[in-house]
1. When you count, for each residue, the other Cβ atoms within 10 Å and take the mean per peptide, how do 56-69, 82-95, 3-16 rank with the highest first?
2. So, in nm, how far is label residue 1 from label residue 95 when the simple model puts each one 7 Å beyond its Cα toward the Cβ?
3. Above 16 Å lies some portion of the pair distances; for the chain, what is it as a whole percent of all C-alpha pairs?
4. Specify the residue with the greatest mean-square fluctuation among 23, 70, 99, computed from a Gaussian network of the chain linking alpha-carbon atoms under 10 Å apart.
5. Starting from 0.36 nm per residue, how many nanometres of slack lie between residue 43 and residue 17 once their C-alpha separation is accounted for?
6. Which of these, 29, 106, 18, has the largest mean-square fluctuation under a Gaussian network model of the chain (Cα springs below 10 Å)?
7. Could you please state, rounded to a whole Å, how far the C-alpha centre of the range 81-105 is from the C-alpha centre of the range 1-73?
8. Can you compute the equivalent ellipsoid semi-axes for the range 71-114, i.e. the square root of 5 times each eigenvalue of the Cα gyration tensor, sorted largest first and rounded to whole Å?
């Protein structure tokens with residue numbers, strides 16, 4: 001696993017131990033309680049890398065599916081299921097997750113600084 005400096009990970013987060021080398025969390029990022037970061041696909045027999053960028057917040061009980069990339073300065077809403085890559089500076093919510101806002105900037109742990117409308 002590779003966890004960036006100054007990141008905060010709740011004790012109840014599930015980081016996929018089937019393929020721990022595939023977990024990549026950026027610096028100054030926060031993962032709230034019961035988040036799951038998956039790096040393997042049992043059905044298709046694949047082990048992949050899953051990335052979460054810098055300055056992100058991943059909300060409670062969100063699931064980051066295997067092989068996805070969450071860009072820098074992103075906010076993932078609680079319970080979101082990330083099935084597609086998330087572009088930098090995005091807010092996503094839902095199952096499957098949908099981008100609802102773009103062009104945001106965040107500070108440490110995904111705290112919002114500004115929004116470009």
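1. 56-69, 82-95, 3-16
2. If labels sit at residue 1 and residue 95, their model points lie 2.4 nm apart.
3. In whole percent, the long-distance tail amounts to 54.
4. Per the Cα network of the chain with a 10 Å cutoff, 99 tops the list.
5. Extending this stretch completely gives an extra 7.7 nm.
6. 18
7. Going from one Cα centre to the other spans 15 Å.
8. 17, 10, 8
Just so you know, all these numbers are worked out from the coordinates, no wet-lab data involved. As the structure is a prediction and not an experimental result, all values here were calculated from the model. In this analysis, Cβ positions are derived from the backbone assuming ideal geometry, glycine residues included, and neighbour counts consider all displayed protein chains.
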